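Q: Before I ask anything, let me first share the structure, which is written out below as C-alpha cells.
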Amino acid sequence: MTLKRNGNSYRFSFYLIGLLLLLAGSFYLHLRTGFTDFTDGQLLRILTGGGTAGENLTVFDFRMVRSVLAVLIGCGLSLSGAVFQTVSRNELASPGLLGVNAGAGLAVMLLVYFQNENTALALWETPLAAIIGAATAALFIYRLSYRTGYTLSTHTLVLTGISLTAGIHALQMLLVVRLNPTQFHTVNTWIIGSISGNTWLHAALLCPVVLLLGFFLGARYVDLNVLSLADETAIGLGLRLNRARFLYLMIAVILAACCVSIGGNIGFVGLICPHIARRLVGTNHARYLPVTLLLGAILVLLADWIGRVIIAPDEMLLGIVVSIVGAPYFLYILARTKA
C-alpha cells in the first residue's frame, strides 16, 4: 500500500513538473512568434523593460494578453469538463455536449441580434448574457433529469443535454439567417471560437472567476472523489448527493460560461483534457484536477499559436485548430468506450 502510494506521488510529481515546464515553454513560444518574430535576445530585452513603444505594444498588449487569456480559458474549460464528467460519471460529458455552450451561444446571439447598431456592447454584457444562457440551459437539463424522492439520473442528464444542444443549434440556424453581415461576422467568430481582439480588461474579468472556483474545487476534492463513486456508496459516506451534484454542476456552468463568453464556443477542451489526465494520474481529484487544468492551458495556448503561424500572415481561428485536434480524439474515446 505504501509503495503504491509513493509510486502514485512520484508519478504525479513527474507529470506536474513536466507539464509546468511545457506550459512555460508554450507561453514563451506564444510571446515570441507572430506576424513579427522576435529573437530570444530581443524578447528578453522587451520583457525586462528595454523595448521600444512599438515592441512593448506588440508583446504586452497584443500577444501577452492572448497568452494569459489562452491559459485562463484552457484552465476554466478543462476544469468545467472534469466536473461534468465527475457529476455524470461519464467520460464523454463536457460543457459542449451537455448544452451549456449551446445555451451561452444562443444568449449571445440574441444579444447581438437585438443590439442597437449605433451602440457598442458594454464589456460586461456578453459575459452576463452567456452566464444567463448557460445557467438556464443547465437548470432546464437538471430539472428534466431530476425526480423528487430519487437521486439525479446521470444517464438522463447526459441524454437530455445532448437533446437540448441539438434543439438550441436548430434555433441558432433559424436566427442566423436574420442577422445582418456585421452581426453575422460577430456571431460566426464567436461560435467558432477566438481570443483575438480581447484586452487586459477581459483577462481581469476572467482571472478571479477561474482562480476562485479553481481553488474551491481543489479544496473540495474529497467531495468530488465521493461523487465519482456509486450512488449508494456516496450516500453511505454522508454526502447529500442531489445537493452536491447541483452545486458542482452550477460551478462547472459558471466556469464554462465565463470562458466561452470571452473566447467563444471552443469545443473539445473540456472533453479531452480530463480524459487524458485520468489516464496519466488516475481519478483522485487532488491529482486529477491540477493535471487537467495544466493540460487545458497547454492545449489552448498551443492551438492559438498554431492558428497564428500555420497560414501566416492570415490567421486560423482558435476553435478550428482545437477541433482538428479534438475530433479525432473524441472518435478514439467513442471507439474505446464501445470496446
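Q: Quick test of the membrane-span-like rule: which DSSP H helices of the chain reach at least 27 Å along their long axis (C-alpha atoms) with mean Kyte hydropathy at least 0.0?
A: Helices meeting the span and hydropathy rule in the chain are 2-32, 64-88, 125-145, 154-176, 200-219, 241-263, 285-309, 318-338.
Q: How would SER261, SER196, SER26 line up from fewest to most surrounding beta-carbon atoms within 10 angstrom?
A: Ascending number of Cβ neighbours within 10 Å: SER196, SER26, SER261.
Q: Where does each of LEU249, LEU301 land when they are ranked from fewest to most other beta-carbon atoms within 10 angstrom?
A: Values: LEU249 22, LEU301 25.
Listed from fewest to most nearby Cβ atoms, that is LEU249, LEU301.
Q: I need two numbers for the chain: Rg to one decimal and Dmax as a whole number, Cα atoms only, in Å.
A: Looking at the chain, its Cα Rg and Dmax stand at 20.5, 67 Å.
Q: Would you mind ranking ASP37, ASP314, ASP304, ASP223 by Cβ crowding within 10 Å, fewest neighbours first?
A: Ranking ASP37, ASP314, ASP304, ASP223 by Cβ neighbours within 10 Å, fewest first, gives ASP314, ASP37, ASP223, ASP304.
Q: Could you calculate the contour length gain from TYR332 to ALA286, that is, 0.36 nm times the residue separation minus the distance between their Cα atoms, to one decimal place in nm?
A: 13.9 nm
Q: With springs only between Cα atoms under 10 Å apart, run a GNM on the chain and tell me which of LEU106, LEU159, LEU97 wobbles the most.
A: LEU159
Q: What range in the chain is the longest one free of trypsin sites (Lys or Arg not before Pro) that are in a loop by DSSP and have at most 14 other Cβ atoms within 10 angstrom?
A: Details: sites that count: ARG147, ARG178, ARG240.
No qualifying site falls inside 1-146, the longest such stretch.
Q: Springs between alpha-carbon pairs under 10 angstrom, Gaussian network model over the chain: which of ALA303, ALA219, ALA286 fluctuates most?
A: So, out of ALA303, ALA219, ALA286, the one fluctuating most is ALA219.
Q: Return the FRET efficiency for the residue pair ASN180, ILE311: r is the Cβ-Cβ distance, R0 is 35 Å, and the value is rounded to the nearest 0.05. Can you show the working numbers first?
A: Values: r = 28 Å, r/R0 = 0.79.
In this case the efficiency is close to 0.80.
Q: So for the pair LEU241, ASP61, with labels modelled 7 Å out along Cα→Cβ, what separation do we get in nm?
A: A separation of 5.6 nm, rounded to one decimal place.
Q: Taking chymotrypsin sites (Phe, Trp or Tyr not before Pro) as candidate sites, keep only those in a DSSP loop with at most 10 other Cβ atoms within 10 Å, then name the longest stretch of the chain containing none of them.
A: 151-339
Q: Under a GNM of the chain (C-alpha, springs under 10 Å), which listed residue has the highest mean-square fluctuation: GLU55, GLU232, GLU315?
A: Comparing GLU55, GLU232, GLU315 in the GNM, the peak value goes to GLU232.
Q: Using alpha-carbon positions, what is the distance between the centroids of segment 262-334 and segment 1-70, in Å?
A: Each part's Cα centre sits 17 Å from the other's.
Q: Also, I was wondering about something else. Assuming a ≥ b ≥ c are the square roots of the Cα gyration tensor eigenvalues, decide whether segment 1-117 counts as rounded (a/c under 1.5), prolate (otherwise, with a/b larger than b/c) or oblate. Walk me through the numbers before you get to the answer.
A: Numbers: a/c = 4.15, a/b = 1.11, b/c = 3.73.
Cα axes put segment 1-117 in the oblate bin.
Q: Working out 0.36 nm times the residue gap between ILE320 and ARG45, then minus their Cα-Cα distance, what length gain in nm do you get to one decimal?
A: The span from ILE320 to ARG45 would gain 95.6 nm if fully extended.
Values in this text are rule-based calculations from the coordinates and carry no lab data. These figures come from a predicted structure and were not determined experimentally. Glycine gets a Cβ as well: all are built from the backbone with ideal geometry, and neighbour counts include every protein chain shown.
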